[in-house]
Amino acid sequence: MARLRNLLRAARGPTIPIATTATMGPAVRRTLVLRIAFGALLIALVVAATETGRSKAAADRGLVPGGVGGMLVLDVSRSIKPEANRTITNVLQQLIDSHTRIGLVAFSDIGYELLPPGSPSSELQPLLRYFAAVAPKPGPDPYPPNPWTTSFSGGTQISSGLAVAHASLTRAGEPKGPILLVSDLDTAPDDVPRVALAFNQFRAEGVPFRIVAVSPRADNLSLFKNLAGPGAFTHPVQRTSGGLGQTGGVEGGHTPWLLIVLALCVLAALAANEHWNGRLPVPRTAP
């Protein structure tokens, strides 16, 4: 015990001998309480800043806004060119690898719910074979048919897919569930106002949405950037021989204000702790 007291005394450094400490009791207790409070505050702020940074990084890497859940709205109209299959495959594979839960709506001129919200993303696995890159064959149908060849017409109504997805999420109790649109953006001219209304509704109701454009024409891409905003567009990961690459992220990323505020709060708490709980400097005097 005596050795422990000696070690503590050595760790505290030089002290000033005084006759009594009774009058300093309230100040000692107040300092102890402040140190505990500031310590707990600093720990909470550091944990919050760390989780905020991780959440933002996960959201930026992911395709679905917020990183989890939501609804995939997939364009399967005849305007989708075979060269778009690689991008669609990358989107599906990234969602499968994320092990999240997500619903699926396929659309052409109409939207149809293939998977309800909350389905395991592994349920998307069977779709990969329909978007696999294959060499064209000679003849009038150079590419193999898919299940939607006879079920959907050649027209495109993007608003129908968005409406079905949002309605499915609302029925599932997730009216603000995120939506990921994967399309060449070649919607019918009379559908453009309905698409604009859908995007405006999503913004008004706080429904996050993102868009993956697959081989779009320049005019369609420009139109949808005006309708949805350039920040709504994202890119899937680029698959390489070594595995999955990094996602392109959301175009026009936003400043992480929450993380900045938390960092400033940490600095303010450190400064307050040093101001109120710092050691009292005592100048040395000549013996």
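When Gly69, Gly53 are checked against the criterion of being modelled with pLDDT under 80, within 24 Å of Ala172 (Cα to Cα) and not in a strand (DSSP E or B), Gly69 stands alone in meeting it.
For beta carbons closer than 9 Å, sequence separation of 6+ or different chains, a first residue in the range 228-245 that is more than 30 Å from Val192 (Cα to Cα) and a second that is of a type in the set (Val, Ile, Thr) and modelled with pLDDT of 85 or more, the qualifying pairs are Arg239/Thr89.
Looking only at residues in the range 212-234 that are in a helix (DSSP H, G or I) and of a type in the set (S, T, N, Q), which one is surrounded by the fewest Cβ atoms within 10 Å (Cβ to Cβ)?
Asn226
The values are calculated or read from the model by the stated rules, or taken from the named source; none is laboratory data. Nothing here was measured: the structure is a model prediction, and the numbers come from that model. Backbone-built Cβ (ideal geometry, glycine too); neighbour counts: all protein chains shown.
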